[in-house]
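This is the structure, below, for whatever I ask next.
Read the figures in this text as sums done on the coordinates, not as results from a lab. Here the structure is a predicted model, which means the values were calculated and not measured. Cβ atoms come from the backbone with ideal geometry, glycine included; neighbour counts cover every protein chain shown.
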Amino acid sequence: MKLPSFLGKKENKEYFLALLLRDEKVTAVIFEELSGKIRVIGHHDEYFTDSIETTTVDEWLEVLDKAISQAETALPENIETQKTIFGVKENWVEDTKLKKEYLLKIKKASDALGLFPIGFLVMHEAIAHLMQKEEGAPVSAILIEVGKTHLAVSLLRAGRIIETKRTKIEDAIPKITDRILHHFTSYEVLPSRIVIVGDTDNTEELSQQFIGHSWSKSLPFLHVPQITIQPKDFDGRAVLFGAATQMGFDVLEENEEKRHEDHKEQVEDKEEENEEDFGFVKEKDVASIHNKKQEEKSQEQELNNTTAFIETEKYTNIFLTMLATIKQTVSPLPSFPSFSPQKKLVFIPPFVVVCLLLILLAYIFGLKATVTLIVAPKVIEKNQDITFSTENSTDTAKKTVAAQIIEAVEEGKISVPATGKKEIGEKAKGTVTIYSNLTREQTFTKGSLITVTNKLVFVLDETVKVASVSGASDGQKTVKASVVAKDIGKESNIPSGVKFTVSSFDASEVEAKNDTAFSGGTKKEVTVIAKADAEKAISDLSKNLEKKAKDDLSKNLSQEQILLPILVTVSFTKKDFDKNIDDEASSTTLTATISYKGLSYKKGDLVGLSKNLLQEDIGDGTFSKEDITYDLKDIKMVKNEVKVTLFAKASLLPKFDNQKMANVIVGKTFEQAKSILTKINQVTDVHIILQPTLPFLPNLLPRNEKNISFVIKKG
């Protein structure tokens, strides 16, 4: 008969799947939840042929299936995962929701593979969240995700992803990072810290590459950035921590896992022991088991006594170290007599009591507090029209900012299609006989016109002379002449026997007729280079090289200089076309050298001008240069100067008297201090940290105001 299991209750485990969708691979992570704690039990990477954005539907499903199948080998037999969390790239999300095309992609995979989606996380946000958790404060850094073929660079500000750029790895990673940072627009100063995550097998080599890289002068680093390379599985851990936070679980770290396993073994041992005490154990001698248990308990008790002695020794050393912190505030104590090792255990309790008293004194006299005030800044904004001049110095009264002309010369080539149309062909030719009834000799010069009745015009191709008619008995005089059509075209290929009028003579005086048909006239329409095509090539090449010119202009600036987003002049110093206008061709190519000139100014001049503009609105507030931001709009050239509208903004903080605030809250409880401080204008929240902290003691601020320090943070 099987007895009911009322001696112990087995805990139910639940399994989840996380799919990390990166540019070039999928990582499947299996984690186990037990009693509100989760831990990773298996994972596997599977790569796409090219990238996740260009993969086919079949490859998408195949890669996911392989990654999940390999990761699930770590599961117990007959267990499969269905509840799935997706880790996605930031460009898959818009307004906290998955974009439609990616939502359909994930839905198709879930239907095909039998998955049950329960949520998604943006991986870079999860990484920022884990870094904040580990470091104790929101992180500002440049986050670089390194893959085998792709690279992603994100700008982190106070734990938030501000901007992300992605590209293929076609050069050294520091060089690519340098180029990408030039395309970021949402910063004035870059964080002087670079954090690298991803497939970083050779971390030492990559770290040396970054340390040895010379950053572009135009990148606004305050100093050479510090390089931090996270472990290879950091992004996976980040998604796990993010998922745990959203689901209300705790992540079981490695040392916690060991304690967790020990606890499970103790529970199992307890259940087995209970079964043995109950009196029914299959194929075992209960009496021998009981004696063995008693022996093990005796050994364990002895080990615990030894451990307790060692722990007491350890904390004794800690107590002695803390004596140094109160050496100047507590009178010297009489020295203790020495004791033999055999009597040492007898005096441990009184020694511990003395140490606890010393700790209490150190706590009272050495207690320090850091009070962080979260302050909502008062924002003021003003605008003003200013002038950038290359001839005048910076003058706040005249609202003038000194500017310097800088030049970049670029070479380039561009081809544009031909759009012009033109008719080409041959003129018809033939011979006519001229009949004259004139009583005088007549010369018909080359180029004289003869016309057919249907308005076709021909010209004499040679000069001919016809004799005069001397009398009535004398007949018409004739002469043969070569003619050619005035215009091209086959319509001039006239048949024989056609009569012509000659120049301005009447037909009764002079006429002509062809004895044979005219031939050779042809005409067709062809594509040629039009004037508009050449103008388009000039305009397009100038625009194409403009961005490169601005980048080159920026590289030539010092750290304190900034380039105005307008070019003063654009001029061609060399311009060569491979075809002429009206040439028959399908396209034309322009090779040119162009000079671009821009204006630079010192950032400090704009900050000073902005500060002067805002000064009258500051009142009792205080702010530093870092609190001032400005923007330039409506930029336009007027003669040799640049006219701009300056929009200045400052975040004002109230002035605090730290000594006065400390005197008010000295000795107060946390709740009392927060109630007092939050009544100060613009203070929205208060955080208090005591050092050192001891359990079971009330949260009271130090009684010495000198031990209270304040930190001001913008909320």
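Can you pick out the pairs among Lys382/Lys714; Lys217/Lys639; Lys133/Lys713; Lys100/Lys168; Lys133/Lys378 whose Cα atoms lie more than 28 Å from each other?
Those over the limit are Lys217/Lys639; Lys133/Lys378.
Also, I was wondering about something else. For the range 395-403, in order, what is each residue's ³J(HN,Hα) by Karplus, 6.51 cos²θ - 1.76 cosθ + 1.60 with θ = phi - 60°, in whole Hz (x at glycine and Pro)?
Rounded to whole hertz, the list is 9, 5, 5, 8, 6, 10, 10, 5, 10.
Rounded to a whole number of µm²/s, how large is the Stokes-Einstein D of the range 519-610 at 4 °C and 1.567 mPa s, given Rh as the Kirkwood radius over C-alpha pairs?
Here the translational diffusion coefficient equals 79 µm²/s.
Measuring from centroid to centroid over Cα atoms, what is the spacing of the range 394-417 and the range 469-520 in Å?
Cα centroid of the range 394-417 versus Cα centroid of the range 469-520: 70 Å apart.
Return Phe647, Phe210 ranked ascending by Cβ neighbour count within 10 Å, so the fewest neighbours appear first.
Phe647, Phe210
To continue, here is another question. Output ³J(HN,Hα) for the range 147-156: one whole-Hz value per residue in order, computed from phi by the Karplus curve 6.51 cos²θ - 1.76 cosθ + 1.60 with θ = phi - 60°, and x for Gly and Pro.
x, 6, 10, 10, 9, 10, 10, 10, 9, 9
Treat the count of other C-beta atoms within 10 Å as a stand-in for reagent exposure and order Trp215, Trp92, Trp60 from fewest to most. Before the final figure, lay out the partial values.
On the way: Trp215 15, Trp92 21, Trp60 18.
Final ranking by Cβ density, sparse to dense: Trp215, Trp60, Trp92.
State whether the range 133-233 is rounded, prolate or oblate according to the following rule on the C-alpha gyration tensor (a ≥ b ≥ c being the square roots of its eigenvalues): a/c under 1.5 gives rounded; otherwise a/b larger than b/c gives prolate, and the remaining case gives oblate.
The shape class here is rounded.
Also, I was wondering about something else. Name the trypsin sites (Lys or Arg not before Pro) in the range 671-714 that are in a loop by DSSP and that have at most 13 other C-beta atoms within 10 Å, would you?
Qualifying residues, ordered by number: Lys679, Arg703.
So which of Lys105/Lys633; Lys232/Lys547; Lys175/Lys649; Lys37/Lys66 end up more than 30 Å apart by C-alpha?
Beyond 30 Å: Lys105/Lys633; Lys232/Lys547; Lys175/Lys649.
Could you list which residues have their amide H under 5 Å from that of Phe120, counting only those 5 or more apart in sequence or on another chain, with H placed in the peptide plane?
Here the answer is Phe86, since their amide H atoms fall under 5 Å of that of Phe120.
Which shape class, rounded, prolate or oblate, goes with the range 426-522 when its Cα gyration tensor gives a ≥ b ≥ c as root eigenvalues, a/c under 1.5 marks rounded, and past that a/b bigger than b/c marks prolate?
The shape class here is prolate.
Just rank Leu613, Leu240, fewest to most, by other beta-carbon atoms within 10 angstrom.
Working: Leu613 23, Leu240 27.
Placing the least packed residue first, the sequence is Leu613, Leu240.
HN-Hα J couplings of the range 382-389 from phi, Karplus 6.51/-1.76/1.60, θ = phi - 60°, integer Hz, Gly and Pro as x?
With the stated coefficients, the range 382-389 comes to 8, 9, 7, 7, 10, 10, 9, 10 Hz.
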